1. Just give me the residues in the range 231-257 being free of Cβ contacts under 8 Å to residues at least 40 places away in the same chain, hydrophobic (A, V, I, L, M, F, W, C) and not in a strand (DSSP E or B), in sequence order.
2. Against the conditions (1) crowded, with 22+ Cβ neighbours inside 10 Å; (2) among the hydrophobic types (A, V, I, L, M, F, W, C); (3) within 21 Å of Y647 (Cβ to Cβ), where does A601 fall short? Just the number, please.
3. I'd like to verify a number: residues in the range 634-657 that are in contact (Cβ under 8 Å) with a residue 60 or more places away in the chain, touching a Ser or Thr at 6+ places or on another chain (Cβ under 6 Å) and not in a helix (DSSP H, G or I), how many?
4. Limited to the range 248-268, what total is found for residues that are under 28 Å from T195 (Cβ atoms) and surrounded by fewer than 17 Cβ atoms within 10 Å (Cβ to Cβ)?
5. What's the total number of residues in the range 390-424 that are at pLDDT below 95 and either acidic (D, E) or touching a His at 6+ places or on another chain (Cβ under 9 Å) (or both)?
6. Filter the range 387-405 for residues that are within 30 Å of A480 (Cβ to Cβ) and touching a residue at least 24 places away in the same chain (Cβ under 8 Å) and give the result.
7. Can you confirm whether the range 583-594 contains a residue that is acidic (D, E) and either in contact with a His (Cβ under 8 Å, 6 or more places away or on another chain) or within 19 Å of L697 (Cα to Cα) (or both)?
8. Does the range 553-588 hold any residues that are under 30 Å from D490 (Cβ atoms) and in a helix (DSSP H, G or I), and which are they?
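The values are calculated or read from the model by the stated rules, or taken from the named source; none is laboratory data. This is a predicted model, so every value here is computed, not measured. Cβ atoms come from the backbone with ideal geometry, glycine included; neighbour counts cover every protein chain shown.
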Amino acid sequence: MHFIFLFIALNPVFSEIPESRLEAPNLKSEAFSGDKKRISYEDIDEGRARFRPQIARWEFVGDSHFIREGRRGETLNPITLEAESLEVSPENGNKPDTPQPKQGFKDALQVALENGEPLKGRPYLIRDSLKSNIQVEVYDNIVAARHEDDPVIVTRIPSRPELLRLAPGGKFLSGVVDNKLVVIDLFKGRWSTVTHDGSEYIFNGKLDWVYQEEVYGRGNFNAQWWSPDGKRLAYLKLFEEGVPEFKIVRHLPFSQEVESLHYPKAGQTNPRVELWTYDPEKARSQQMDIAVYGDERLIVRVDWEPDSSRVLPQIQDRIQSRLTLLECQPDSGKSQVLIEEQSNSWVNVLGAPIWLRDGSFLWKSERTGFCHIYHYRGDGTLIRQISRGEWAVKSIPRIDEDRGELWLTGSLARAIESHLFRIDMGGELLLQVTSGTGSHRTTISPDGEYVLDQFSSVQNPGEVRLLDRDGLQIHQLAEARVAALGEFEDVDAALHEVSARDGYSLDVLILKPTNMNLSEPLPVWIDTYSGPNSPSVRQGYPSSSWQRFLVHQGMVVMQVNVRSSSGRGHVDTATCYRQLGVQELSDLEDAVNWICQNDWADSSRVGISGWSYGGFMAAYALTHSSAFKLGLAGGGVYDWRDYDTIYTERYMDTPELNPEGYQSTSVVKAAASLTGHLVMFHGGMDDNVHLQNMMQLAHELQLNRKSFEMMVYPESRHGVGGRSSIHMRDMRWRAIQEHLLQADGES
């Protein structure tokens, strides 16, 4: 180890919620010991109880370290914190950097059209990333481009393209028409079809459902990437032949509507994928030679080297236990391996290599069980590991090559906090810049001299501070206020470290009543997600009006970071591998047992709620544990065989290789073991977690004469919004009242 961390470790403790015995409220009484009122359901319904902290926004201005409040505030010098008389200029940030649309573009376009044909609809506007004063607008199948005040050039294509991408420099525009990739030479007024094989089963430059959902990000169907110099285009070609199709039925129209999408479920055929490049000057395509993992491979990221000389794809095997960073020559397709990662569980995709001026690059890896930064030569030779230790780097907000240092975010102490650090490139000295309990969101000045630090904690709704580069506070700029606290009773919020049965320390947030007259134990309510590396608990102000409402109605609200969603590192996240739900439920049970050792918590009235993965956890808890009286499960996967390949196999392996794991994690298979009362909600047009999940579970519960309810929202997908969400909230509240808040004789 090249450097020493000097900090006080926080020892796991069996925290008890302190002071005297609490008593359950008389729910028919409005009596409080304080002057403020309890949140009513009408307050929630009409949006009166809002606890989100309000705080002034501060930002750096221009390319130096001047600051201002919002967009219109005075420009201040951090050195003196006195108002400066600055002229309006790009340097002080008062003039937008992005070129504004030229006046008269539409008129110039009508002249260019010559025949005066009408333009259909509103234009799709595209800006050049290099800010070279090029304006592009697309009207249906008409693409119009102008450089500065030059005449407008018009290109007509057969139909309006989708997924439009402007090449840096603004000479070319790419897009997809009927799953075919097209490239438009904007200032020659001509277009070409790059691929002629686009069809229902072959996608060019466009992702299918599973790739956009699980690899490149929900809603992002783009599979085309221009080189930084704008001279070549990299794109994916996906082959859907053999990938099963799933039907989504919209029931409201008289004749129904049916959507069909390629959706591979765990163990089924994945789309086959290839990487190609295209040179528009030579009108030449070239397939990249990706000789790793065979046809089962996944291409999970595509980047370019800054000088545009190489394409840099990241490739994984089907179950994502390995990852390879390749460099490919765009003209020949030849490739070689730069980095290989592997794991006994899965390898996360952590971003692109970050290139430095000398041709070396930085790489994030979890090979030690914790995410850290590694420095590589351009040929893939490791120079050194820069950060290290039993903590995880979250991001790299700034690289200062002149000073030879990196700025990092993460947490050395409790993962529920977030802090800003600075470390030298040699990894010898690590300095924590932000201080104080909380989650810190920071902005570093362009010159690296100052930091704007906005943070909050469970006890503090928020502050904004100006720090110097070493973390010394110069000035407190703003404090948050929570307007609703002037009208409504607060809650008692506290973080605890709870020891699980094997000694693992769980982060737990407890919200309980304050200033209430109590006489009997309170029901316990758990809101959860608990998906891999998705913490529910953080060191931030508890602003949920719904959770505060439940507390005011006489409940204790608890949130738990199970170890696989602790945020501490991959070493803990991977405990869910091949057994989704098993370890998570064990940790939730231990948290329930801990809180119910207190005489103010009623172990016979524990409820759990969640959506998506949280919906799975709620249903899994009621079928695999006797600790819960009520479960509200929304949009859940109730048998992992029913979910898509890429997500499921990342965490569960394939059904063929892990049959025991799929069996032990199935809610459907365990329906006969349901205890308590389960209420399920689902979107009727959910294309992510299909309605089939709820139907399969409902069927098994019916066969076993179990106590449950279900509600379908016909026009909703993987989430319920609008007036339907109000109906769902009403139904949730009725279930809570009936099964948790009524006395035993009334339920």
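1. V243, F254
2. (3)
3. Total satisfying the criteria: 1.
4. Matching residues across the range 248-268 total 4.
5. Total meeting the criteria: 3.
6. Here is the first cut: in the range 387-405, the residues within 30 Å of A480 (Cβ to Cβ) are 391-398.
Of everything in the range 387-405, those that are within 30 Å of A480 (Cβ to Cβ) and touching a residue at least 24 places away in the same chain (Cβ under 8 Å) turn out to be W391, A392, V393, K394, I396, P397, R398.
7. At the first step, the residues of the range 583-594 found to be acidic (D, E) are 584, 587, 589-590.
So of that shortlist, the ones also either in contact with a His (Cβ under 8 Å, 6 or more places away or on another chain) or within 19 Å of L697 (Cα to Cα) (or both) come out as none.
Checking the range 583-594: not a single residue is acidic (D, E) and either in contact with a His (Cβ under 8 Å, 6 or more places away or on another chain) or within 19 Å of L697 (Cα to Cα) (or both).
8. S565, D587, L588
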